[in-house]
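Accompanying notes for the structure given below.
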Amino acid sequence: MIIKIVIIGFILFVLWRTFLRFRKEDITGREFLIWLIFWVLVTAATLVPRKTDVLAQWLGVGRGADLLVYLSIIVLFFVAFKIIVRLEKIDRDITKVVRNAALDDKREQKSENRNQG
């Protein structure tokens, strides 16, 4: 019972933080809705864990807890993939900006040298 209270408290904290990020426009309405649905489902699984057993058996998994672990791992790998792809794009964008800045500096130096010479 204590673990349920801790989990629900954590969920409320996360929902509040998510709402604040939405209000600051750090996340979109769509992202807020996705997180809201996710945390509502986590709350439901916390309050009535036996219902996850029914879904797990329907999907061919032994227990609801196992299903939640499998789904969590899948989601974490997907999120890691998305972060890596985004970081690689940012890296490429930074490389382009720095390269263009270096080329612009070089052109300016050549132009200044011609004017002085």
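The table for this structure:
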{"item": "Angle in degrees between helix 64-116 and the longest Cα principal axis of the chain, rounded to the nearest 10", "result": "10 degrees"}
{"item": "Extended-chain gain in nm, criterion 0.36 nm per residue less alpha-carbon gap, ALA80 and ARG30", "result": "16.0 nm"}
{"item": "Correct option for volume of the Cα convex hull per residue in Å³ [calculated from the coordinates] among (i) 166; (ii) 150; (iii) 90", "result": "(ii)"}
{"item": "Rel. contact order, % - alpha carbon contacts under 8 angstrom, at least six apart, the chain", "result": "13 percent"}
{"item": "Two-site label geometry, LEU71 and LYS106: point separation in nm, points 7 Å out along Cα→Cβ", "result": "5.4 nm"}
{"item": "Over region 25-86, relative contact order from alpha-carbon pairs under 8 Å, at least 6 apart, %", "result": "16 percent"}
{"item": "Lysine pairs in the chain with Cα atoms under 26 Å, if 8 or more residues apart or on separate chains", "result": "7"}
{"item": "Cα long-axis angle, helix 2-23 against the chain (0 to 90 degrees, to the nearest 10)", "result": "40 degrees"}
{"item": "Pairwise FRET efficiency - GLN116 versus ARG23, Cβ, R0 = 41 Å, nearest 0.05", "result": "0.15"}
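Quick note: the coordinates plus some simple rules give every number you see, no bench work behind them. From a predicted model like this one, the values you see are computed outputs, not experimental measurements. FYI the Cβ positions are ideal-geometry reconstructions off the backbone, even for glycines, and counts take in every protein chain you see.
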